1. Looking at (1) more than 18 Å from residue B:547 (Cα to Cα); (2) at pLDDT below 80; (3) loosely packed, with under 14 Cβ neighbours inside 10 Å, which is the one condition that is false for residue B:439?
2. Name the single residue, out of those in segment B:356-373 being assigned to a helix (DSSP H, G or I) and touching a strand residue (DSSP E or B) at 6+ places or on another chain (Cβ under 7 Å), that is nearest to residue B:318 (Cα to Cα).
3. Restricting the first residue to segment B:661-676 and requiring it to be assigned by TED's automatic domain parsing to the domain that holds residue B:325, which pairs with a second residue that is surrounded by fewer than 20 Cβ atoms within 10 Å (Cβ to Cβ) meet a Cβ separation below 9 Å and a spacing of at least six or different chains?
4. Would you be able to say whether some residue in segment B:52-70 is assigned to a loop (DSSP other than H, G, I, E, B) and crowded, with 18+ Cβ neighbours inside 10 Å?
5. Do we have any residue at all in segment A:101-123 that's within 28 Å of residue B:658 (Cα to Cα) and in contact with a strand residue (DSSP E or B) (Cβ under 6 Å, 6 or more places away or on another chain)?
6. Restricting to segment B:552-572, name every residue that is more than 14 Å from chain A (Cβ to nearest Cβ) and under 36 Å from the mean Cα position of the chain (by Cα).
7. When residue A:158 is evaluated against the numbered criteria (1) touching a helix residue (DSSP H, G or I) at 6+ places or on another chain (Cβ under 7 Å); (2) within 14 Å of chain B (Cβ to nearest Cβ); (3) surrounded by fewer than 19 Cβ atoms within 10 Å (Cβ to Cβ), which criterion, by number, is the only one it fails?
């Protein structure tokens, strides 16, 4: 083993990123694992009146009031149900803590840069602005969401001022 | 260990000293100055100078040095104090504060102001005493300490002159008692800068350093006291016997200090009490300073960042919630299995302890109103001087405690109200005399607790508000007013934006900006302002504030399956509405008649889109609430009860929500929203308007109702 080879291995390892893979309906999505604070069940959410329907309300996360967003409603999926499998991924974006409701969390994947393909122009539901790319892993396709951009975006109405601009 | 570690300690200490100095200067009676106060002012200047020298802040050191010398003349009675001299001293204090801030920000202080104030102070010395003060030596920062201090002693007065001369060739034995290695190393390093170290030896218990040079015992102490306690130093002149005989008339300055350090306190107070030469008086001060230092820093208070306190408050809040969850579980268990008495009693003990803990933790954040009031003597003095008025300031209830965050936010509005009273309220001395009032106007600042609130009053015995003029002015400004308005409503007009009845705009106030800001600020703190006034007799402006922003007395209400919290301070009463008392107005509006008053009805279930709520008003409960001076009737399903809740900000992780001021966590761990009365009313109106043309989407009025 030459040293140069070692270094090459190290370099690629540094470029690799880990993603948390979750499912919304039949589709698989992924977000940067470093944004994820914890995963918990969906319970005890207090509704906020007059908020967009995908904002389910707020919950108590060990003394911190955290808004809960249902990405299934946001992405117009059918069969939005809340059960034992329903999971909230608590993410840290822009100094805020937000919980996102998904159908389930499957696993953590490591993707090399060449496994991430640029995202094509998408339809109206999910603007490609909010995507960092598409990850291909064997025969699976992961939609890699730029969770920072998505949650601070105007249409999420999660951040003050965003809806007024 | 680096000396820079002590910078912060010095900055904070110096800031306190400056504040002390200002307070004493303001209290000083120029015609008959209290010698203890003069001493206190001098001591403050002296300590700052010592510290500034140690840390190489030469500009601050030199400014303080000149001021200190002047003060020294003043306390010896050689400089007759006058109001304008005190003004200059105050200005010098301000400049020193600026310099201090500059050093804190690692900047060089403004050279121009420094030179100007030095010149002004020198001028005073020249004119009042007829001799100029020696300009402090502009040497390298740290090396300037011994030089400047030596000059300080020489400028102290004729008797001290001998002392410093005697010392200039003297040897001092400095003993460090119970100082650990780290500090000792630092201190010896310091001593090296003050003079030549001839020899050093000893251990942790007692480490002796023999120092030669021109430095006085006082200066060594002043430098050391930033690092160790005064009782840890023992300074004795070496070969002092010869010096004593040489200068018996004026004792060397170091000598009495050393004596006092070694003699028991009883005899030192004797010395202080006995009539003595100025040199002795000064050593008495040194001792007093030492004593104050001993008592003040460690035992009475510690500095903790607010973040840490807030974290504790949060955790205790969590503890309370967990405790009430446990409590619930235990009482459920008790019902089933028959009470396990030790578990039950343990729970009630836990509950009591948790509440006590919460109370004491909350009290950490509470600071007395004195912190706010202490700045007003200066404000009043400056403003009165500018306006040519004579004002006496009285403060009441200085010890009333208030949450720290509120204290910080109340200062500005209060300053504004005080200025306003001084400018518009209290008349010119001649005018006052001509209408049979004493020439000196009286301004009272008072604070006291009232229920769960704190009441702060600004009272003046001035001209009072002129109802007719206010009304006339309001019409001029195009405000909608009528002659039948209540006095209270008329007085509230002065809080309207752009409203000023002052005939001319002065330097102090009258531009009409400000009073509306005052009101907004106070409302932002969850408080309100009220004005009572009697023409010709004065005005009382009252600010009512909650004691703390972190805890709220709430009334929990149920609508459908949801629980909301109403701030108890807004709740006036509750009643079962009668069908005959409900009147429909044009459109969807409904008013409720309560004792000859028609109140707009806000149905919570409509505004908040609650399902399964009681929709028949006569079956629900009307809670009469007050918000921003207006009353509303709120329809709710059920009143659950009164409870204290910990206020949690919604905006930390989410955003402002119309109609909701904050959130809280209930005993079962779920989140309840705290209702904002005026916000709800706006929301309800916006909602009805949005509903009129067509069923618009939820999103749209969500946007519209967002207060900008």
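The values are calculated or read from the model by the stated rules, or taken from the named source; none is laboratory data. Source: prediction; values computed, not measured. Because the Cβ atoms are built from the backbone with ideal geometry, glycine has one as well, and the counts that use them run over all protein chains shown.
1. Exception for residue B:439: condition (2).
2. The selected residue is B:362.
3. none
4. yes
5. yes
6. Residues satisfying the conditions are B:552, B:553, B:554, B:555, B:566, B:567, B:568, B:569, B:570, B:571, B:572.
7. Tallying (1) touching a helix residue (DSSP H, G or I) at 6+ places or on another chain (Cβ under 7 Å); (2) within 14 Å of chain B (Cβ to nearest Cβ); (3) surrounded by fewer than 19 Cβ atoms within 10 Å (Cβ to Cβ), residue A:158 fails exactly one: (3).
So that you can scan it fast, the table gives a plain yes or no per residue for (1) in the same structural domain as residue B:62 (by TED's automatic domain parsing); (2) modelled with pLDDT of 75 or more:
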residue: B:100; (1), (2): yes, yes
residue: B:105; (1), (2): yes, yes
residue: B:113; (1), (2): yes, yes
residue: B:144; (1), (2): yes, no
residue: B:169; (1), (2): no, no
residue: B:202; (1), (2): no, no
residue: B:205; (1), (2): no, no
